[in-house]
């Protein structure tokens, strides 16, 4: 219980929400804009998003999808067609009503009364409606199927309480939309994309996730089944990190997407949609970062290694800078995760200590300090972001080059394992309602846990318990795969059931 | 004057505007959406955009810029601050006035009167205002400069007359925004990015462009100087394919972006902005395509080669498909333009002739037909999109592999040279007003030309001639670099001047 100085104040323990803001601030990832609920994603944050995009886009294409782009605006009449969908999104959307501004006579501007739109439009909160409308024109026969498309874009859902990356009125995401001849094929697509999200989370972001199915009340508006990956943050809260929806024939009926099938019958097609967003950056931060700032898994870090020149005397500058340049070149020739290693050199005029802590706060996985003595002795100072900041090892250049790829892989694995251990240590099996209440009796902002419990997933049972869940400030996160065949007793209804649920507080 | 059948009807000669629509349609690049003025970019069109993005993004980063993301919405009060800017954009913007919908009591939806925004916002037509606002917080001293950022995003300018890719209410683009301590540095930045756009157009899209400076009436609203690259379409009209603006201190004054400079004085910084958009795809189509459909330069073609299996007897299918697969693998091992060659195999169930013409219409640079006879004789049939469709050569596999990289480079160069020859053949030097009027006396939709003429670029002279330009349906395209030091007589004012201008009809 020694009091240690940390780069971030407050610490996770002291105030998790404030710590999160501070990590974003010191790593210069993003900031609030002057526009309510909208953020500015800054270069280091955007570079993270670009790496996430690149990794996921590759997998989306490898699974047979093609990228497209649909309009930002959706006419109200489109939204109105699917009843549950409109309920889910009408309450929180930006509405465009005019197409021109004019002087308000007081030196300012106002929407021009002469330029009111005949039909208002909303900024897309998601694109099932406008894509459904297009698909209805594209599909005539089963030969036109499957349609497998994806778009990377911005979407808008008007939020009252916002948090950088986790919940903002505008966010960036990808949304996949597919149409199929048969139900089986559509269900397989839904589950395949869930696997892609799991792979992105676990293999790239080093975030362990629990795959499962949403209970009825948590489904996407208009979906038959919603599947998700759920991650545990370091405060024990859940964060949904990706969702994949089997939409059945709900949207194809609403938008009249039908075709002649192989049995020569006109039939509505089966559709799916799936999405993941800049929220993943929030998940990344809250999974790995520590009281010294951001911690990045090497596989998606914009820079995997930072070389820090330490110039004590001006006369040594040239020697040291040239050495750093040549070391960077050698490192870049090495492959790791099937790509060249990404190496930066800190060329700023800051003092060595500031450079060192700057790299720590930005989460760069490996730091190499190079001064005159290190060069002369062929003994480079190496430190890792996943270890305490001041823990350094000394390696000669040859060894360092030989071991670097394996080291980055090891750091990636360590981060995943550490997060998995944490998740498992904070997941508790519960068999009675009293136990459940005890777990969630405390302050919402204290350390939380995941609860795994037997659960009757019928809509009636869920409707009956929603008030209790609300009181405990928890939600059903998912019916996790792999836990759905051992009989037990539902902790709420007392009914016998084979199903289990994850209950948690959530972002 | 023989009557030849063409895949596109009408031909360019018959009706250029309709031909353009048809090329887009048969290549399946994009279509009009149900949302007024907004397009759906389909897979083949979006893949083109991704290749343009990738090429340009690399150059933007190599010149020191970093990607970021700013909010979609801009409060009216931000727009109001720069007088010329607001004039330029207030007339054509989508205005968000509400943040919720509610039932209209007739089974439909309407903007909720309780959810009117205190301050309306517009969907960004461009982001100088909101980025300027942020920069004012980021910049304190010259140490914070330069700021060199770029964003890839959608923007919206409400257009009454739209044309796919060329003029749509929503379009995709990149917009760079930079801030500098000195005027010289900002001007250099402006011109450097103009060079980047020239390189993108000429070296990647094979579109020859004329670099120059805009005359006062054609400047970006709020700019001190606007530079552009102008391309000539096959109907002789001009298309602006990229612009770079030196904004001086106009925006830094309006948004109060100031810093302590090296002379210890508080001073407003100098800013620039530069953009290019999905318009480039329109330019690409109208520069290279012919009466058989799209023609793509190899460097940005989503597929550079298509292999067409020709199966006459079902028993040969396996042999032919395996051969095509192995040929594709061998081709993909070859590098061209510093990347692996992109090869597709047409695996559709269509007849060979349909596959062949499908590849022609989609603009794929090289087609290879593979049937049983071709395999047995080791004599593959190769045809090029830049040559007449039915002109084929026969090559053995080894030769074909050895020569493919050079062939793609040759096609790229041929397309550029052909377009350059066309541009030069249709640019005319004019020394009198009568000549100018004669050039533009004809129908706007007939073959047009560029006119190069001596011109007094003073704002007064330009203001005086605007009615005449309007009458002739032409605009000043730019004062082209390299033509600004030979004295002559302005064809409008009769004043002596060293400046020359390009006049043309334009998209």
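Rule-based calculations on the coordinates, nothing more; no lab input. Keep in mind it's a predicted model, so treat the numbers as computed, not measured. Backbone-built Cβ (ideal geometry, glycine too); neighbour counts: all protein chains shown.
Please give the average number of partner chain Cβ atoms lying within 10 Å of the Cβ of each residue in A:38-49, rounded to a whole number. Per residue, the average neighbour count from other chains is 5. Sorted from nearest, the other copies put their residue B:488 label points 8.7 nm away, the label point being 7 Å from Cα in the direction of Cβ. For the stretch A:1-87, relative contact order (Cα pairs under 8 Å, six or more residues apart, normalised by length) works out to 12 percent. Estimated purely from DSSP H runs of n ≥ 4, each contributing -39500 (n - 2.57), the mean residue ellipticity at 222 nm for chain A is -10000 deg cm²/dmol once divided by its residues. In terms of the Cα gyration tensor, with a ≥ b ≥ c the square roots of its eigenvalues, is the protein assembly as shown rounded because a/c is under 1.5, prolate because a/b exceeds b/c, or oblate? Rounded shape, in that the Cα axes give a/c under 1.5.
Within 10 Å of the Cβ of each residue in A:163-170, the mean number of Cβ atoms contributed by other protein chains is 1. Taken along the Cα-to-beta-carbon direction at a fixed 7 Å, the label points for residue A:333 and residue B:167 span 5.6 nm. Listing B:336, A:93, B:498 from fewest to most neighbouring C-beta atoms within 10 Å gives B:498, B:336, A:93. For chain A, the alpha carbon convex hull comes to 197 Å³ per residue, rounded to a whole number. Measuring between their Cα centroids, the stretch A:17-61 and the stretch B:347-381 lie 46 Å from each other.
Dividing the mean sequence gap of close Cα pairs (under 8 Å, 6+ apart) by how many residues the stretch B:392-507 holds gives a relative contact order of 27 percent. The angle between the Cα long axis of helix A:352-362 and the main principal axis of chain A comes to about 20°, on a 0 to 90 degree scale. Give the separation of the Cα centroids, the stretch B:258-323 to the stretch B:475-496, in Å. Spelled out, the Cα-based centre of one part sits 34 Å from the other. Over all Cα atoms in the stretch B:79-147, the spread is summed up by Rg and Dmax: 17.8, 60 Å.
Relative to the other copies, what are the label-point distances for residue A:349, with labels 7 Å from Cα along the C-beta vector, expressed in nm at one decimal and sorted shortest first? Listed shortest first, these distances are 7.1 nm.
Helix B:128-138 and the longest principal axis of the C-alpha atoms of chain B enclose an angle of approximately 70°. Distance from the Cα centroid of the stretch B:122-136 to that of the stretch A:74-128 is 21 Å (rounded to whole angstrom). Contact order, relative form, for the stretch B:398-458: 34 percent (alpha carbon pairs under 8 Å, 6 or more residues apart, mean separation divided by residue count).
In terms of overall dimensions, the stretch B:20-59 has a Cα radius of gyration and Dmax of 11.9, 36 angstrom. Once the gyration tensor of the Cα atoms in the stretch B:195-302 is diagonalised, the equivalent ellipsoid follows with semi-axes of 36, 14, 10 Å, ordered largest first. Each of B:217, B:276 has some number of other Cβ atoms within 10 Å of its Cβ, and from fewest to most they run B:217, B:276. The angle between the Cα long axis of helix A:397-425 and the longest principal axis of the Cα atoms of chain A comes to about 40 degrees, rounded to the nearest 10. Taking the fewest neighbouring Cβ atoms within 10 Å as the starting point, the ordered list for B:98, A:177 is B:98, A:177.
Placing a label point 7 Å from Cα along the Cα-to-Cβ axis, residue A:54 is separated from the same position in the other copies by 1.2 nm, shortest listed first. Once both labels are positioned 7 Å from their Cα atoms along Cα-to-Cβ, the gap between residue A:391 and residue B:387 label points is 6.6 nm.
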